[in-house]
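Below is one structure, written out as structure tokens; comments come after it.
The values are calculated or read from the model by the stated rules, or taken from the named source; none is laboratory data. Just so it is clear, the structure is predicted and the values come from calculations on it, not from any experiment. Here the Cβ positions follow ideal geometry from the backbone for every residue, glycine too, while neighbour counts run over all protein chains shown. Side chains included, ligands, DNA and RNA excluded: accessible areas come from the protein's heavy atoms. Shrake-Rupley method; radii C 1.70, N 1.55, O 1.52, S 1.80 Å.
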Amino acid sequence: MAYYGTNGYGDDAMDTESSGPKVTVREVESGRCDFVLQNCPLALANSLRRVMLAEIPTIAIDLVEVESNSSVLPDEFLAHRLGLIPLNSMNVASGLQYTRECGNCDDHCEQCSVTLRLHVKCSSPENLLVFAKDLIMVDGRTDDIGKPVIRDSAGNGPLLAKLRNGQELKLSCIAKKGIAKEHAKWAPSAAIGFEYDPNNKLRHVDYWYEVDAKDEWPVNQKNAEWESEETAADFTFNPDAQPSAFFFDLEATGVLEPDEIVHQGVDVLQKKLAEIINGLTRSDEGMNGGMSPDGYEPAPAEDDYAYGRGGTTPYGATAYGQNGYGGY
């Protein structure tokens, strides 16, 4: 049953020691995770969803140096396909720096990037298929950061190109750390299903229908079973009710495990909130501190000219004219 409101499950009182957010995992697969988040407001649940979509750091190919390309694919098209290859991003958050924050280089180095090379040439009458497995890491890293993720039964990975007899591909790829806010290739999750109040007792959704809303908008029974009796379809509407059961269905791209995406999403959200709290609770700065709009100029003395007091300027007039009222 899903926690709803502030009085616990049904007639049971809420334990104050476990009143924080609660996560219940319902299904886990290699690339998918289905879980329920309870005991938290809608804003927090939606913030976690947005963070898991776009703000978890991963690694992806960002620069491609083409030395030879005699295939039918243009360089730009090939670079785009390379950028979308999933690369192992486990421990990227702590094991790799952002290039823009790296103090050891101006473009890329071993501290902020991973180098992969591809060199294939078709020398047979049959077409040669080029896969992600043909990308070779040259940095000698031992943590596998930046290694192409291969999960198909054949062990090939995504298809990159097809070469005919005599055609050649030779290029170097620079993979960098980033987030999906910058580009979708850094997204750790392909999609995140998000739902609350499956019976629509809160009336947050106004269904458009032609004949019968129940037939045209079927209820997810799996999620509806988690709801309490207060959210049943025939229960009295309560305008003050708040949702506290949120259903997530997360599908990963392969760069991170689904549970790791959730863990890092919580971690990123905590850091963002900590930065806000730190900015609001600084005690070493007064009214004219560094965060104040007047922080770049000292507070005016009593005898000095100040805006709003009509004092005399160095040119003999007040801030509002000759007589302090714009000259009128």
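Quick notes on this one:
- Around Gly178: net Lys/Arg minus Asp/Glu count, Cβ-Cβ under 9 Å: +2
- Under 14 Å, Cβ to Cβ, from Val268 - net charge with Lys/Arg +1 and Asp/Glu -1: +2
- Along its three principal directions, the equivalent ellipsoid of region 58-186 from the Cα gyration tensor extends over semi-axes of 27, 15, 13 Å, largest first.
- Rounded to whole numbers, the Karplus 3J(HN,Hα) couplings from phi for region 255-266 are 6, 9, 6, x, 5, 5, 5, 5, 4, 5, x, 5 Hz, using 6.51 cos²θ - 1.76 cosθ + 1.60 with θ = phi - 60°, and x at Gly and Pro.
- For region 17-51, GluC sites (Glu not before Pro) are listed when DSSP marks them as loop and at most 13 other Cβ atoms sit within 10 Å of their Cβ; the list is Glu29.
- Fully extending the segment from Ile277 to Glu65, taken as 0.36 nm per residue of separation minus the present Cα-Cα distance, adds 72.0 nm.
- With all protein chains kept in place, the per residue accessible area of region 58-186 amounts to 54 square angstrom at a probe of 1.4 angstrom.
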